[in-house]
1. Quote to one decimal, in nm, the extra length available between residue 78 and residue 28 on full extension: 0.36 nm per residue of separation minus the C-alpha distance between them.
2. Report the one residue of 51, 91, 70 whose Cα lies farthest in the direction of the positive end of the charge dipole of the chain (charges on C-beta: Lys and Arg +1, Asp and Glu -1; origin at the Cα centre).
3. Using only Cα atoms, tell me the angle between helix 83-100 and the longest principal axis of the chain; keep it within 0 to 90° and round to the nearest 10.
4. Under a crude label model (7 Å from the Cα following the beta-carbon direction), how far is residue 85 from residue 9 in nanometres?
5. Enumerate the lysines that residue 18 could reach by cross-link, defined here as Cα to Cα under 20 Å, with residues fewer than 8 away along the same chain left out.
6. Answer rounded, prolate or oblate for the chain, using the Cα gyration tensor with square roots of eigenvalues a ≥ b ≥ c: rounded when a/c is under 1.5, else prolate when a/b is larger than b/c, else oblate.
7. Any idea how far apart residue 58 and residue 40 come out in nm if each label point goes 7 Å out from Cα toward Cβ?
8. At what distance in nm do the modelled label points of residue 49 and residue 17 sit from each other, each positioned 7 Å from its Cα along Cα→Cβ?
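We did not get these values from a lab; they are worked out from the coordinates using the rules stated. Note that the structure is predicted; figures quoted are calculated from it, not measured. Here Cβ is always computed from backbone atoms with ideal geometry, including for glycine, and neighbour counts include all displayed protein chains.
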Amino acid sequence: MQQNNSLDSYVNELLEAKGYGDSPAEIKEALQKDLTTRVDGFIMARTIAEFSDEELSEFEKMLDDKKPKAHLQKFAMDHIPDFQTFLTATLIEFQDIYLTGD
């Protein structure tokens, strides 16, 4: 689960940059969970925006069928050109929004 470890690291780095690194363990855990959910939602929104109408219909069907997250990720990787660059840009955009917001 390399991707999960990478996302965990990304979230922890954002929390550190925002000044939450020294928070009590319970608070930090809640912040990590909340921020991970927000990052996932942001990636999902940006991913969906990249799909054609046909791809979106197919993706929605997979969601309705409760396909595993790995299956959804593979679909996105197969249908978004240069997915790694797209994902990096999306994470940088999220970071900019998170760190400059209140």
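1. 14.5 nm
2. Highest projection toward the positive end goes to 70.
3. It works out to around 40 degrees.
4. 2.3 nm
5. Within reach: 28, 33.
6. Working: a/c = 2.40, a/b = 1.88, b/c = 1.28.
Since a/c reaches 1.5 and a/b is larger than b/c, the shape of the chain is classed as prolate.
7. 2.4 nm
8. 1.8 nm
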